[in-house]
Structure formats: C-alpha cells, structure tokens
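Here's the structure we're looking at; comments come further down.
The values are calculated or read from the model by the stated rules, or taken from the named source; none is laboratory data. Predicted, not measured: the structure shown is a model, and the values here were computed from it. Here Cβ is always computed from backbone atoms with ideal geometry, including for glycine, and neighbour counts include all displayed protein chains. Heads up: the accessible areas ignore ligands, DNA and RNA and are worked out on the full protein's heavy atoms, side chains in. Shrake-Rupley method; radii C 1.70, N 1.55, O 1.52, S 1.80 Å.
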Amino acid sequence: MLDTIPSIVPPAPPIHPRDLPPIRLLLGSLRNSLAIWPDYAFDVAFNRNTLFGLESAFINDPSGVRHIMATNAANYVRPAMTPRISRPLIGRGLFLAEGGEWRRQRRLLSPSFTPHHVDILLPHFIAAASDLVRELEGQPGVDLSAAFQVAALNAVLRALFSLPDQGERDRIGVLVRQYVTGPGRPQLFDAFARSETSFAFTLRRRRAFQKRWFAAVDAIVTARRSAPRDADHRDLLDLLIAVRDPDTGQPIAADEVRDQCATMIFAGYETTARLLFWASYLLTLDHNEQARLRAEVAAFPPERIKTLDDLGHWPRLRLVLLEALRLYPAVPVLVREPINDDVIMGEPVRRGIQVYVAPWVLHRHRKHWQHPTAFMPDRFAGQSSPWTSGGAYLPFGAGPRICIGAVFALAEAQIMLASLLQRYTLAIEDRRPVMPVGRLTIQPSHAPMFKLERTRPR
Ligand code: HEM
C-alpha cells in the first residue's frame, strides 16, 4: 500500500463522461488514441463497440489479457493494419512472424537477449550516452524529445552494428525517419484494410521505400560477413551471425539476418526514445525525485557500469522508469484479431473482430492501481520486473510475445538518463503542460525546450 499523499498528477487528455459519437471516435482515434476514452472504461473489465460495421472488444482485466496473450495466444494474430505499415521496414522478422515460424525465430533469437549478452552491449549504450551529452554541451535550451530520438537510434545502431561512423548512422537514421514520417504513417485505408495487400494503390510508396531500405541494411550485413570483428568488440549483429539452429546446425539465412536487424531498429528506437522523454519530463515536475536520482548517480557514476548487475546501484532510477512506462506506456494500445470464435472472460467474441488491450487504460484502471493518475515511483518498490507478473502492468506486452528487448531498453534508458543527471539539472520554463498524444507510440503534444543547468564542473 502507498501511504504517501499523491501531489504530482502529470498531464493526460480529459476523460469523456460517456462514449463519443462514431465520427468523433473515428477521427479522434487517428488524431490521439488517448483522448477518446469514456470514464467508465477505467472501471470496467470488458467492453464492446461497433464503429461503421467494425466490431471490437476491449479487454481491461489481467485475466482477459492472459487469455489473449498467453493461454490462447495461438488464436490471436496481429490485424492486417500492422504488417501493412511495418512490413516494408521489417520484412519477415520476429515482430510480424506468426505460428510455427514465430516459434522458430523466437527460439533462435532469445539467447542473444539474455542478460549475459546484454552485458556485451553496455559499452555501446555508454558510447551513445557520451554522444548525447557531447551534443547537448553548452546549449542553453534543448529539444530533448528530438535529442532522444537521435540518441536512441544511435544506441540501437551502435549495439547492432557498432557503427562508430556518424555519417553511416545518419544515413540509416534519415531513411527510418523518412519512412515513419512519410509513407509509414497510418492512414484511414489501413484501418479498413481486410488484408495486408488491400487497397494496393496506397502501398506503392511503401514498396519503393522497402527496396532502398533493405539495400542499405544488406550492405552493412554483407560488409560484416566479409570482415568479422574481434571477440572483445562484439555487437548484436555478431550474435545473430553466430546463431545456429539447434536442430539443423544451420546459421540464420542472410535475408533473415537483415530482417531481424531491421526489426530491432524499428521496435527498439522510438519506444526507448519516448520512455526517455517522458521520464525526463516527469522529473521536471518532481524536483525532489530528480535530486534523489542525482545523488544515486553521483554515488555510482555511469563510467563504473561494466555489467547489468552494476545497474542495481541505481534502484530509484529504475523505479522512475517503471512509473514513466506506467503513466506513458510507449506502446499505448495493442490490437489482435481472433482467427476462430472464442470466449474471453465469459464473453463470446467472433473471429475477425478487433480485440484491444490498451496499456494506457489498464495502467490507469481504478480497480488495479492506487492513485492511478499520480506519479508515484514507490508503487514499484521491491518489484524487479513487474511487467512479468501477469498483472495490470503491460509496458512490454505479455505472454510468449512479450518484448524481447525489455532488458536491453531499460539498460539503455538507465545509462542515458544517468549520464544526463550526472551533469545537469533538468527543468522546463514554459509551464504549458505537455499532453501525451497516442499514435503508434505516445508522443508529446509539443516539444518543450528543456533547460539544462550544470551540476558539476567539466
Ligand atoms: C522502452 C522500450 C520498449 C518498449 C516500451 C517496448 C514495448 C514492446 C511491446 C508492448 C511489445 C509487444 C507488442 C505486441 O504484443 O503487439 C514489444 C515487442 C517487441 N519488441 Fe519491444 N519495446 C521496447 C524496446 C525494444 C527494444 C530495445 C527491442 C530490440 C532491440 C525490442 C524488440 C521487440 C521485438 C522484436 C518485439 C516482438 C516480439 C515477438 O513478437 O516475439 N523492443 N515491445
């Protein structure tokens, strides 16, 4: 139980007294998927809706989530909209694989994400954090939202490909951003598509992008195969190239290595950038918490991090990140489609409808959280990995398809934030609240300028 009185309630869109009318709901969900929820959604366990003939069910209870994402996960696939948007970027990698093919890929990839292997990646995160700090040096006001996008992409590209060459990293970064802000933006056609290839005329720009993108990633993978790195400087690509199928002894095929690399970039960069932004924003609202974190980091500076165990020296930093992921889960809504009729929590659901699990709602549900809208990192005290407990906390999804990069992401975020807090006090002078906007991830309504005040001499 939390015995402190909550004093900080960070910004969130207003909750509606009742369901929005259909047109407002449709347009609103494209504009901001967090601003469409009626008050009762934060109390009920299950709800249905029909919008222009599209039937949907909302699951707001841990037992229902377990049913869809674990017990009967084989019956639930990602809807057509997901591969339409993400296939051009990630091909046939883990995120889009289904059934036996997904099981094969997950079994082969999981060993590369164990804590032992994430240890290998820590120097890459430390290098990316140094780049970030250098970039921010001497700037009076900083758009941290943009800076974290660059830094998180830098971190994942360093961890994957050891790309020390800034020019090469920028080239990849430009391509990814071109896609997510251009042809990869969800459109109305995507929401109504019944298959990955419906409304084919809307997919031309995505296909054209895919050719250029895959050629760029292929070039990096091919160069590595012809010039392997030494054992002391390994990265995720080395781990993927070294993987052998335990049944056949075969390595992963070249185009699959490319698709898995692209998947890790897509799944790992914007999500972590958003976590870093919201955690920093929350710290500007809670100066005491920020001071506590600074003391924690001063007692064990980032230069001393050698293994994941060392991150245990920053327990409050971890609590703050967990609470940031609760209040602003980087992925606010998860969608599935049942392939056969099913019954969820006693409620019949027909095949082909859209089944929604919204971490945004579950993380603020009044039956599952005390003071659900307040910033209270202590609620996670004593829980090392609360996202695995099968409760109402799902920042990384749930069940067998839970995020494979959770340990990677938290380690990276801890190192980045610690490196900032070691040098700076974070503040925002503009008192306009930064509103969360739900798209594929939770974005800020506007990019506030952060003021970074030096806390120790250079
Ligand atoms: C704060 C950062 C992150 C958050 C909040 C996050 C969140 C999630 C969520 C919610 C899912 C499940 C999606 C669903 O079930 O539909 C997921 C899956 C996945 N994530 Fe993450 N993720 C993060 C970072 C990363 C990183 C750094 C990587 C890789 C380097 C990564 C790789 C993946 C992959 C490959 C999947 C698909 C797993 C599968 O289907 O078996 N993620 N992530």
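Tell me which of 416, 47, 237 sits at the most positive position along the dipole axis of the stretch 22-454, charges placed on C-beta atoms (Lys, Arg +1; Asp, Glu -1).
47
No solvent, one uniform scatterer per C-alpha: report log10 I(q)/I(0) for the stretch 51-173 via the Debye equation at q = 0.16, 0.23 1/Å, two decimals.
Debye curve over Cα of the stretch 51-173, log10 I(q)/I(0) at q = 0.16, 0.23 Å⁻¹: -1.04, -1.29.
Compute the distance in nm between two label points, each set 7 Å from the Cα along the Cα-to-Cβ direction, one at residue 187 and one at residue 171.
In this crude spin-label approximation the distance works out to 2.9 nm.
Taking the inverse of the average 1/r across all pairs of different Cα atoms in the chain, what Kirkwood radius in Å do you get? Present the calculation step by step, with values, prior to reporting the outcome.
Values: mean 1/r = 0.0436 Å⁻¹.
With all distinct Cα pairs of the chain included, I get 22.9 Å.
Taking Cα pairs under 8 Å and at least six residues apart, what relative contact order does the chain come out at, in percent?
28
If you place +1 on the Cβ of every Lys and Arg and -1 on the Cβ of every Asp and Glu, how big does the dipole about the Cα centre of the chain come out, in debye to the nearest 20?
Details: 56 positive and 45 negative charges, 184 e Å.
For this selection, approximately 880 debye.
For residue 130, project a label point 7 Å along Cα to C-beta. Then give me every residue of the stretch 149-173 with its amide nitrogen under 20 Å of that point.
150-170
Just to verify a number: what accessible area does residue 451 come out at with the full protein assembly present, 1.4 Å probe, Å² rounded to tens?
We get 70 Å² for residue 451.
In whole angstrom, note down how far apart the Cα centers of the stretch 158-206 and the stretch 379-458 are.
24
Per 0.36 nm of contour for each residue apart, how much would the distance between residue 137 and residue 381 grow if the chain were fully extended, relative to their Cα-Cα spacing?
Extending this stretch completely gives an extra 84.5 nm.
Give the value in nm², to one decimal: projected area of the alpha carbon convex hull of the stretch 109-240, averaged over all directions.
So the mean shadow area of the Cα hull is 10.8 nm².
Which length gain, in nm to one decimal place, applies between residue 402 and residue 48 when the Cα-Cα distance is subtracted from 0.36 nm times their residue separation?
Extra length available between residue 402 and residue 48 comes to 124.9 nm.
Among 252, 265, 215, whose Cα lies farthest out toward the positive end of the dipole of the stretch 171-280, if unit charges sit on the beta carbon of Lys, Arg (+1) and Asp, Glu (-1)?
215
Mind checking the log10 I(q)/I(0) for the stretch 321-404 at q = 0.24 Å⁻¹? Debye, one equal scatterer per Cα, no solvent, two decimals.
These q points yield log10 I(q)/I(0) values of -1.22.
Keeping all protein chains in place, calculate the accessible area per residue for the chain (probe 1.4 angstrom), answer in Å².
Details: 19860 Å² over 458 residues.
Per-residue accessible area for the chain comes out at 43 Å².
So, with a 1.4 angstrom probe, what is the percent of accessible area on the chain that is carbon and sulfur?
Numbers: 11350 of 19860 Å².
Result for the chain: 57 percent of the exposed heavy-atom area is carbon or sulfur.
Between residue 114 and residue 230, what is 0.36 nm times their sequence separation minus the Cα-Cα distance? Round to one decimal in nm.
39.7 nm
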